[in-house]
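The next block holds one structure in the form of structure tokens; read it before the comments.
Since every read-out is calculated from the coordinates, none of them should be taken as a lab result. On a predicted model such as this, the values are computed, not experimentally measured, just so you know. Positions of Cβ are generated from backbone atoms using ideal geometry, with glycine treated the same way; all protein chains shown enter the neighbour counts.
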Amino acid sequence: MVGGLLPAGTTLPPAPHLLVVLLATGAVVAALRRRRPRVTARRVLALAPWMALGSAAHVLYVVDALPSSLAPFAGSPTVYLTVGTLAGAAWLAADAARPDRVAATLAAAGVLLLVPVVAVAVATGLSPIGARWSAVALALAIPIAAAAWVGLTRFRPEAAVTGSVGALAVFGHALDGVSTAVGTTQLGFGERTPLSRILLEIGGLPSLPVIGEGGLFLLVKLAVASAVVWLFAAYVREEPAEGYLLLGFVAAMGLGPAAHNLLLFSVAA
């Protein structure tokens with residue numbers, strides 16, 4: 001029964017790879033708890049390239065472009081632990097070397113790792129139609145997310161305290177909603193998560209330009225993301241470090257799948 005609630009393709013790596021990931025994750029978490037680097041909105045925002053990195057690495061796994069020794073580290077959900085551990089280690093290193101430049105260093109490190117991973121994915125073969133629809137999805141998501149953020153902060157002004165991290169969460173889920181709808185409507189991709197698939201397959205809804213019948217899915221994504229950001233406002237105000245970290249996790253749950261969609265469409269459509 002539980003397996004029916006998980007996304008299709010969810011697997012665990014072989015025991016040796018899983019042990020390596022768990023030990024590395026445990027070591028980095030212990031080091032982070034010991035050092036306790038300062039958490040700010042800018043530092044959490046700097047993790048955005050790392051969120052995309054995990055998705056890009058998983059695309060390499062999906063298109064079978066990784067060496068057999070590395071592939072198990074990029075499967076789902078192992079890739080989240082793999083990249084999260086790397087990001088945590090980079091945060092520790094940046095905090096030790098240049099405490100005043102942590103956000104910039106962390107973001108730069110994420111970009112430097114992300115670019116070659118994306119380049120390898122594109123080198124496997126670029127799909128012009130997939131790349132075009134990915135660009136359309138991104139172009140649509142930006143004003144939709146902006147409108148949702150403006151509406152949220154006007155209807156619930158207290159949500160503005162979440163700042164750039166709250167805006168990133170709304171944008172990530174808007175992009176995930178738009179790209180998923182575009183992928184299913186225009187490119188024939190299926191949705192792996194059961195609940196999302198149900199929302200996308202509900203019949204009798206008006207078909208909208210570009211996203212087809214995915215309007216309900218997009219609306220639910222925006223409503224849930226906006227509600228979560230609003231609910232986190234008080235937490236961010238009272239406990240900024242924990243609030244920003246948890247809100248960053250919410251942002252990753254949208255931005256990660258969205259980045260995966262855009263890259264996968266571009267190379268596999």
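When only alpha-carbon atoms are used, what values of Rg and Dmax, in angstrom, describe region 126-269?
For region 126-269, the Cα radius of gyration and maximum Cα-Cα distance read 15.4, 48 Å.
For region 154-159, just list the computed ³J(HN,Hα) in residue order, Karplus coefficients 6.51, -1.76 and 1.60, θ = phi - 60°, integers in Hz, with x standing in for Gly and Pro.
Whole-Hz 3J(HN,Hα) from phi for region 154-159: 7, 6, 10, x, 5, 5.
Can you give me the C-alpha center-to-center distance between region 207-228 and region 118-157, rounded to a whole angstrom?
14 Å
Per residue of region 93-98, what does 6.51 cos²θ - 1.76 cosθ + 1.60 with θ = phi - 60° give for ³J(HN,Hα)? Whole Hz please, x for Gly and Pro, Karplus curve as stated.
5, 5, 5, 6, 7, 9
Residues in region 15-35 near a label at residue 93, defined as backbone nitrogen under 15 Å from the 7 Å Cα→Cβ point?
Of the residues in region 15-35, 28 have backbone N under 15 Å from the label point off residue 93.
Could you run the Karplus curve 6.51 cos²θ - 1.76 cosθ + 1.60 with θ = phi - 60° over region 220-228 and give me ³J(HN,Hα) per residue in whole Hz, x for Gly and Pro?
Rounded to whole hertz, the list is 5, 4, 5, 5, 5, 4, 5, 5, 5.
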